[in-house]
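Data block below; observations after.
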Amino acid sequence: MLNNLEKFYNNFFSFLIFSFPFFLVIGPLLSEIAMFLLISFFIFEILKYKKISFLFKTKLTKLIIFFQLIIFISIINSDLNNFKLYKNFFYFRYFLFTLSVFYFLCKKPDIIKKTLFSFLFLILLFLFDSIF
């Protein structure tokens, strides 16, 4: 039973990652749901298997944290109204989304081919649509 559940779990998140470009085209609701599911199960898996060290080993994490700090400092130093700070505070979800996709891609690297194929298919579809 556990093996089937783990297989379903891996296949489900593989599906979410390689179908994410289609979700972006369809609309914001599906992409936000997929992003939320990936982030929540990423956090669950990191905490369950105690892989918090994964977050600090990668250069990607350090780069994204540095970028987030630069954005946060520039928002604080801006002369515009303070409502900007509250509006831009929740952009850390994109940081978590990037880490979750990176984690699942490291866990199952065959997803990369499917994701690139879905991007290529969408680009060709849009090119064909723009011609006609």
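Here, each number is a calculation from the coordinates, and none is a lab measurement. Here the structure is a predicted model, which is why all the values come from computation and not from measurement. Quick reminder, even Gly has a Cβ in these numbers, built from the backbone with ideal geometry, and neighbours come from all protein chains shown.
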(request) Using label points projected 7 Å from each Cα along Cα→Cβ, tell me how many nm separate Tyr91 and Leu122, to one decimal. (result) 2.1 nm
(message) Let me check I have the definition right: for region 1-45, take the eigenvalues of the Cα gyration tensor, multiply each by 5, take square roots. What are those semi-axes in whole Å, largest first?
(response) 22, 12, 7
(request) Could you tell me which label, among [x] 31.7; [y] 10.5; [z] 11.2, carries the value of mean projected area of the Cα convex hull in nm² calculated for this structure? (result) [z]
(request) Pairs to check: Lys50/Lys113; Lys57/Lys107; Lys59/Lys108; Lys50/Lys114. Give those whose C-alpha atoms are more than 27 Å from each other in this structure. (result) Lys50/Lys113; Lys50/Lys114
(message) With θ taken as phi - 60° and the coefficients 6.51, -1.76 and 1.60, list the Karplus ³J(HN,Hα) couplings across region 96-109 in order, rounded to whole Hz; mark glycine and proline as x.
(response) 5, 5, 4, 5, 5, 5, 4, 5, 5, 6, 5, 6, 9, x
(request) Considering only Leu55, Leu29, Leu96, give the residue with the highest GNM mean-square fluctuation for the chain, with springs between Cα atoms whenever their separation is below 10 Å. (result) Leu29
(message) I need to check one value: relative contact order of the chain, counting alpha carbon pairs closer than 8 Å and at least 6 residues apart, in percent.
(response) 40 percent
